[in-house]
1. Can you give the relative contact order of region B:140-246 as a percent, counting alpha carbon pairs under 8 Å and 6+ residues apart?
2. Ranking B:193, B:130, B:97 by Cβ neighbours within 10 Å, fewest first, what do you get?
3. Going by a ≥ b ≥ c, the root eigenvalues of the Cα gyration tensor, does region B:101-174 fall in the rounded group (a/c under 1.5), the prolate group (a/b larger than b/c) or the oblate group?
4. Note the direction-averaged projected area, equal to a quarter of the hull surface, for the Cα convex hull of the protein assembly as shown, in nm².
5. For chain C, calculate the relative contact order in percent as a whole number, restricting contacts to Cα pairs under 8 Å that are 6 or more residues apart.
6. Taking only Cα atoms and a 10 Å spring cutoff, compute GNM fluctuations for chain A and point out the largest among A:138, A:16, A:91.
7. To the nearest 0.05, how large is the calculated FRET efficiency for residue B:180 and residue A:27 if R₀ is 56 Å and r is the Cβ-Cβ distance?
8. Just counting partner chain Cβ atoms within 10 Å, what average do the residues of peptide C:53-59 show around their Cβ?
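Nothing in this text is a laboratory measurement; each read-out follows from the coordinates by a stated rule. Everything quoted here is computed from the prediction, not taken from an experiment. As a convention, Cβ positions derive from the backbone with ideal geometry for all residues, glycine included, and neighbour counts pool all protein chains shown.
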Amino acid sequence: MGIISRGFRGRPRDEGVKLPPGQYLTHDFPVLSAGPTPRIPLDRWEFTIDTEAGHTHRWSWEQLLGLPAETPTVDLHCVTKWSKLGTAWKGVSLDVLMEDVETTAEYALVHSYGGYTTNLPVEDLLDGQAWITYQYDGEELAPAHGGPARLLVPHLYLWKSAKWVRGIRLLNDDWPGFWETAGYHNYGDPWREQRYQGD
Amino acid sequence: MNTRRLTWRAARLVGSRAETDAARTLVFKIPGWPGHLPGQHVDVRLTAEDGYSTQRSYSVASASDGDLVELTVQNVPGGEVSPYLAEVLEVGDEVEMRGPVGGWFVWRPTGVEPVLLVAGGSGIVPLMAMIRARRQAGSRTPFRLVYSVREPRQRFYAEELRRAGPGDAGLDVAYLYTRSAPDGWPRAAGRLMAADLGAHGWPAGLAPDCYVCGPTGFVETAADILLALGHDPRKIRTERFGPTGG
Amino acid sequence: MTRPIEDAYQDGNALAGPLREIFAVDVTAADGRCAGCGLAGPLASLRVYGPAPGWVARCPGCEEVVIRLVRGPDAAWLDMRGTVSLRIPLPADPQGTASP
C-alpha cells in the first residue's frame, strides 16, 4: 500500500450497500473509452448474429425497435472499481434475438462499430442475462454511453457490455477480445473479482 | 541521464503560494530527486486510509532546483484530486510522486532558433518551467509567450511575468483574454485566432520551436493555426491536458 | 473521469510515466511507424485514451491502435503490435555497453 495522504478521501464510497469485492459506489456514470466515439446513422445501423455454420441473421434499426422489449433494472460493476446500482434500461433480450438462430456454438465474440470486441460463453447471453439496449434512464442511449445501442450483460464486469454493438459471432472456439488480450480476465465475474488474467 | 526504472517516491509539501483564487503553487521536497528538464511532468498518487488510491499527472512548474519540485494546481470543482491538492494539502503532508517523465515536450537551452510558447489556461505551467529554466541558464534565446486565459484574474505567475528582470531580456509576453478583457484593451475578448499568432508569434521563416499546451480543443486549434501559418509540423510540440484537470 | 466528455484523448506524453515503469529510458520521444497506415512520428503524438481500463494509443492519421498498456496489481501488459518498430534515442556510450 502506498503512502497515506492525510485528509485525502477520494470519491464518496458508501459502506452500507453490498457490493462485489473491491468496488465503490458511484452516483454518476463515468465514461471510459478505448477510442473515439463512433457515430452511426440509424439508416445504416444494423445488428447481426453470425452462426458457426456461416448463416447471418440481420436486424435494421426499425426491426430492432419492432421486437418485444423489456425494461430491466440492473446493477453495473466496472472493472475500474465503480459500481452503479439500479440503472434502468430498455432493450431486446438476447433470448428473443437468438430464438430462431440455429447453433450449437459455445462461444460468442461481440463486435462493435469502431472495432471493439469482447468474448463470452453463449450461455451467458441467454436466460434473461443479456439485452441489446437502446434506452437508458428513459431516454435515447447517448453516444458516449454506447448509443444508439449497446450490449448489456450485467452479471459480468461492464467491459463485456460492448458499447456501439454491431453484432455477435457464434464460434466453436473462444476468441478473446480487446481487453481480454490485453491482460483482463477472460470471463470477468465481479463477485469472484476476476479482473485480470490469472485472478 | 537517469536510466533506472522509475518508482514512486515520497514527496513532502514544504511550501505553497496562491496564484489565483482557485489555484496555488505547491513546493514539494523529494529526497534524491534526480532533477528535471523544463516541460517534463510527474505523476502524483494519493492513497486514502482504506487503501483506495488514484493518480493524476501534473507538469512541473519550476526549473530544476535540487530536490525541490513545484506544481501549480487549479481547483476543478467536483474533481477528485485537484480540490484536495489545491485546498486540503498542508505543509508537512505527503503524497507519492513518480518522475520526472516526458522527453519530447521539453526545451533545452542548446537550441539556436527562437521559441514560441502558446498556453491555454493551465497549459501555462510547463511553459513557465521553460521560461524559468531559460532565466536560470542565462540563455538569450528569443522567447515569445502567447497566454490565453479567460480574464486577467485567472493568470498564473502574473507578477513574475510582469516584473521582467535582466534574466528575462528577450522574453515577450502577450495575453489574450477569451471571456473578459480589461477596459481599453486593444484586443476584444474571444478565442485564439490566426491573427493572434500572426501578430505575437514568430514568422514561420525563422523556423521557431513551438510548444503548445492546454486543453485538447485549444491545442488542436493552436496547432492548426501554426500549420496554416506555415510552421514545420516537426517543430510544433504539443501537450494536451485532456478536457479536465480533475 | 466523471463527466461524459466525448472524444477526450490526451497525447502520448501521458504515457511517459506508465512506460517509464517498464523501459529504462523515456520512449515518448521515440519515433514509431503505424503498422496500419505507415504514418511515422514520435510516440508523444499518438492519441491516447485511458488510463482506465487501460491505455490505448491510436495513430493520429488512421486511428488504429498502436499501443495498448494495462497496469495490473503485479504486472503490466504491453501490446505494441500496432507499431512497425521504434527508434529509441539513447545516450551515446563511447566505452561500449555500460553495466546496469
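1. Answer for region B:140-246 is 24 percent.
2. B:193, B:97, B:130
3. It is oblate, given that a/c is not under 1.5 and a/b is not larger than b/c.
4. Directional mean of the projected Cα hull area for the protein assembly as shown stands at 28.2 nm².
5. Reported relative contact order: 24 percent.
6. Its mean-square fluctuation being the largest, the pick is A:16.
7. 0.95
8. For this peptide, the per-residue mean of nearby foreign Cβ atoms is 5.
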